[in-house]
1. For region 48-65, name all the residues that are at pLDDT 90 or above and either within 17 Å of HIS105 (Cβ to Cβ) or within 15 Å of the chain's Cα centre (by Cα) (or both).
2. Going by what's in this entry, would PHE76 be described as part of a helix (DSSP H, G or I) and at pLDDT 75 or above?
3. Can you name the number of the only condition in (1) of a type in the set (Asp, Glu); (2) over 13 Å from the mean Cα position of the chain (by Cα); (3) at pLDDT 85 or above that GLU45 fails?
4. Output the residues belonging to region 79-101 that are among the acidic types (Asp, Glu), open to solvent by 80 Å² or more (accessible area, probe 1.4 Å) and part of a helix (DSSP H, G or I).
5. List the number of the failed condition for ASN70; all other conditions in (1) free of Cβ contacts under 8 Å to residues at least 24 places away in the same chain; (2) open to solvent by less than 100 Å² (accessible area, probe 1.4 Å); (3) not β-branched (Val, Ile, Thr); (4) not in a strand (DSSP E or B) hold.
6. If you check every pair at least six apart or on different chains, which have Cβ atoms under 7 Å apart with a residue in region 98-111 that is closer than 19 Å to LEU85 by Cα first and a residue that is open to solvent by 70 Å² or more (accessible area, probe 1.4 Å) and part of a helix (DSSP H, G or I) second?
Amino acid sequence: MEIITFESKAYKELDNKITAIADYIFNHTEAESINEDEIWVDSYEVCTFLKISDRTLQRLRAAGTVTYSNIKGHYFYKIGEIKRLLEERLIKRDKDSINDLITNHQLYVKERRNIRKDK
């Protein structure tokens with residue numbers, strides 16, 4: 001193993017450059033237009049922002065009414081699928097509920113990114 005040392009000033013400059021590059025990438029990734037219907041949200045977000053119970057969502061899964069993805073015991077749904085449930089009145093909520101879900105999902109993702117940055 002080879003050990004390389006350099007001044008703390010050089011290290012801080014390198015760290016600032018890496019941080020600037022990461023910020024640039026995150027800001028431009030978010031700026032790209034993303035098709036809302038392709039966004040994946042988890043059960044917690046769906047239940048919280050549509051104000052339905054986890055059991056209701058479980059019934060929809062069991063009946064085959066909603067398509068979902070199961071990753072290590074966590075269920076995820078596409079926004080487009082949730083919109084379909086609202087349009088077919090399988091979930092009785094207004095259109096504002098889906099907008100709340102999308103908006104809060106974006107905030108939720110930003111919050112999780114900030115937590116990862118801090119670690």
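1. Answer for region 48-65, where residues must be at pLDDT 90 or above and either within 17 Å of HIS105 (Cβ to Cβ) or within 15 Å of the chain's Cα centre (by Cα) (or both): just LEU57.
2. Criteria not met by PHE76.
3. Going through the list (1) of a type in the set (Asp, Glu); (2) over 13 Å from the mean Cα position of the chain (by Cα); (3) at pLDDT 85 or above, GLU45 breaks only (2).
4. Correct list: GLU87, ASP96.
5. All conditions pass for ASN70, except number (4).
6. Matching pairs, first to second residue: ILE102/GLU36.
The values are calculated or read from the model by the stated rules, or taken from the named source; none is laboratory data. Owing to the predicted nature of the structure, the values given are computational and were not obtained by experimental measurement. FYI the Cβ positions are ideal-geometry reconstructions off the backbone, even for glycines, and counts take in every protein chain you see. Surface accessibility is based on the protein's heavy atoms, side chains included, excluding ligands, DNA and RNA. Shrake-Rupley method; radii C 1.70, N 1.55, O 1.52, S 1.80 Å.
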